[in-house]
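Here is the structure we will look at, set down as structure tokens.
The values are calculated or read from the model by the stated rules, or taken from the named source; none is laboratory data. Since the model is a prediction, treat every value here as computed from it, not as a measurement. Counting neighbours? That spans all protein chains shown, and the Cβs are built from the backbone with ideal geometry, glycine included.
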Amino acid sequence: MSDEIDARLASLRERTERLAAPPALAARLALGVATRRAQPTLEGSIVRLARPFAAAFAAAAAIALALAFTDTVDDELALAADVELAP
Amino acid sequence: MVERGEVVEIDADEAARRVAAGEVEAFASLVERTTPALFRLAARMMGNAVDAEDVLQDSYHRAFDALVGGEFRAESGVASWLYRIVANTALNALRSTKRRRATVDVDSIELEDPDAAGDARAALAELGRMLDELPALERSAIVLKEIEGRTSREIAELLGCSEGAVEQRLVRARAALRAKGAS
């Protein structure tokens, strides 16, 4: 490294040694952690919000499956009938 | 442990042990004991106080989760462990496009010696500007080596890369700083 850059970095190192955190920073940081602990996670919130609708979703899915199955059976029956009725 | 009236002061390692044992209130003591040194590290790596505070908040969240999750091993002491967390969180922040490039909120920094306020603020601003164009890993390596005074081996352990990779980053960073200085 060039001497000039070495000297500049050494000077910045010494001068920034005197930097200190604001007095209230530690309290703010600790509060930040405590606040997050007190709050439910987003995932937890979504699960909790979705829970009352779970039964409705399950019912809708069951109906959709049943309809799909019925359509399939009807199609197969119709196809079979066509085959049987075909001359 | 030091008792002062009704306030019981504990050191950082004791606070970490207590948090890990389920006494989560002790985390405030850990933050209080470790914030001064970690703020200096974060400010030097980020080049400004606002990003440094964000990095510290993120780091303490991670540390708390690790402590209560039983992931902390006390071999190296909690201060070294936190130093590593902050260095890595700062590196990730430097890689992020959301960070404040060369915006220096130096007025929010308070100093132990008010007479030195202007100079230390100016020094942080100067450091931020000097390193602002460097890629995140090169910038982190040069701060840890030249400003924090860490060895290449320590930097490699901190950043989770090989010593050779650290040396390579330092060479590139110095070359970039020379070129910038010459331009």
If you scan segment B:53-80, which residues turn out to be assigned to a helix (DSSP H, G or I), among the aromatic types (Phe, Trp, Tyr) and more than 16 Å from the chain's Cα centre (by Cα)? B:64
Can you tell me which residue within segment A:1-53, out of those that are touching a helix residue (DSSP H, G or I) at 6+ places or on another chain (Cβ under 8 Å), outside any helix (DSSP H, G or I) and at pLDDT 60 or above, is farthest from the other protein chains (Cβ to nearest Cβ)? A:40
Evaluation of residue B:69 against (1) within 14 Å of chain A (Cβ to nearest Cβ); (2) touching a Leu at 6+ places or on another chain (Cβ under 6 Å); (3) among the small types (Gly, Ala, Ser) (one fails), failing number: (2)
Given the residues B:31, B:86, which is the only one that is assigned to a helix (DSSP H, G or I), within 14 Å of another protein chain (Cβ to nearest Cβ) and farther than 20 Å from residue B:157 by Cα? B:31
